[in-house]
Structures are given as structure tokens and as C-alpha cells.
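Below you'll find the structure, written out as C-alpha cells, and then a few comments.
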Amino acid sequence: MARQFDRIVLAVPELSAASAQYQQLLGVSPLARDLPQGGLVAWWGLSNTVIELVQCAIDKPRLQGIVFSAPEAALETPVANSLGVDIRLGDGRRTADFRLAHPAAQCTGFTIDHVVLRTDDAQACIDLFAGELGIRLALDKAAPAWGGRMLFFRAGKLTLEVIEPEGDAKSGNAFWGLAYQCQDLAGTLRTLGERGIAASAMREGRKPGTLVATLKSHNLGIPTLLIQPAKATA
């Protein structure tokens, strides 16, 4: 059963240019490495997952998939599914070793708040993520104001947000967007602006007490939100 989000994988057509954007965004240099089967990747460590950029023969960057960690997974293997999305299981040892061996590639300013998956089949998502992978379905709600039915799967301090559009607004099944969490959004926006990174004005988030801003550059064309969480109450 899946324990946590081991890696969030972004496919890019040219790794050096994409890595330069994300290095500017995250504020640290990644670990760049060759894959055993060929190809190039760059890794950044966040406290609740690892961001992986992988060079692929594609026209434009995309949010490719998720690798979940599962102690019983001896080798990293794909999970076949009716949605046709890229889900893999691994034992997490590669990322654990990376964190220990490469402290300079660890980013302390951000975590991933959630990953967005758009789907035409919410029930298939429940069958896959909750039924097969054992990830907790924290919420299943009708949300017309937000675009349709929404599912929230929670594992390892990170959420997979699934959106099934209403009616005939079919979108297929694909990972769509990312949300980064930071504790001081105003300060983060100032820092990003000093690095030449564009973002929207800060605004109230959908969840009461949160503040959000939309990243306008250095996001590889992937919809990206910055979130300051609600302050805990006594």
C-alpha cells in the first residue's frame, strides 16, 4: 500500500532550460543525474516529496505523474490503471539516499500542498487510489462553484486533488496542476519578485484562513498556485 508521495514527476523537452527556471523558483540547485536506462533528470528535495524533472521527447512541459512509496515495493514499477495516468510504486530508498547525500539540493522554503488530477471518471479514481493503493479518501464532495465533483486523497502530508467536471465538460484523465505551500506568502512573493519571477497579487483562498497567489512565470507552463495555510487556532 502507498505510504507517501515519493516523487512528483514533470516531463520537459529540454532539461537545462527547465532546470534553470525551477532553480530560480526554488532557490537551490538540483541534483542532476543520468538515468540507468538513458536520459537525464534533475531532483529537488522538499520536506514532503521530491520534484523530478525528466527530459523526454515532447513538445512542451507537462505534469507527467506520481511515484508513491510502498515498503513492500522492491523495485520501482508502474501501476496499470484504467485512467491511463502515470502512477508508479517504489520503496523510497533512492530518494532517502538522495536526501542524506545531497543536502544542498534540499529546498526548505516550500512544500507541495497538493497535486491536481482532472478526470472523467471519479469512481475509477476512488477504485485506484483508495481501493488499490490504500490512500485515504479524505473528502468527496459536489462543488459546482469549483467546477464539479472533487475528491481529496491524503498521504504523507500531501494531497491529491481530483476534479471531475460537471455534465458534458469532458477533459480526459491527466495531471494538471501543482500547489506549493509557504508559511509567509507576502515574504515569498517579495523574494520571488527580486529573482525576476512574476506572480499574481495575493488573495484569499477557497479554504477559510488561507492566502494564495498564482505563479505567472517560471512554472514551465504548468498551472501553479502558492498557498499560505490557515493559522492554527488554540
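Every read-out reported here was derived from the displayed coordinates using simple, explicitly stated rules and does not represent laboratory data. Worth saying up front: this structure is predicted, and the values here are computed from it rather than measured. Because the Cβ atoms are built from the backbone with ideal geometry, glycine has one as well, and the counts that use them run over all protein chains shown.
When the charge dipole of the chain is built from unit charges on Cβ atoms (+1 for Lys and Arg, -1 for Asp and Glu) and taken about the Cα centre, the candidate among SER171, ALA105, ALA155 whose Cα reaches farthest toward its positive end is ALA105. The range 112-130 and the range 1-72 have their alpha-carbon centroids 20 Å apart. In terms of its Cα atoms, the chain spans 43, 43, 43 Å along the principal axes, sorted from long to short.
How high is the relative contact order of the chain? Use alpha-carbon pairs under 8 Å, at least six apart in sequence, and give a whole percent.
Relative contact order of the chain: 19 percent.
Building the convex hull from the alpha-carbon atoms of the range 111-228 and averaging its projection over directions returns 7.8 nm². When both the range 141-155 and the range 203-234 are represented by their alpha-carbon centers, they are found 17 Å apart. Taking the Cα centre of the range 1-113 as reference, the dipole from Cβ charges on Lys and Arg (+1) and Asp and Glu (-1) amounts to some 100 debye. May I ask for the Kirkwood hydrodynamic radius of the range 4-105, worked out over all distinct Cα pairs and given in angstroms to one decimal? Result for the range 4-105 stands at 14.1 Å. Our helix-only sum for the chain, with -39,500 (n - 2.57) per DSSP H run of n ≥ 4 divided by its residues, gives a mean residue ellipticity at 222 nm of -4000 deg cm²/dmol.
By the gyration tensor of its Cα atoms, with a ≥ b ≥ c the square roots of the eigenvalues, what is the shape of the range 169-234: rounded for a/c under 1.5, prolate for a/b over b/c, or oblate? Verdict is oblate for the range 169-234. Once the gyration tensor of the Cα atoms in the range 73-163 is diagonalised, the equivalent ellipsoid follows with semi-axes of 28, 18, 10 Å, ordered largest first.
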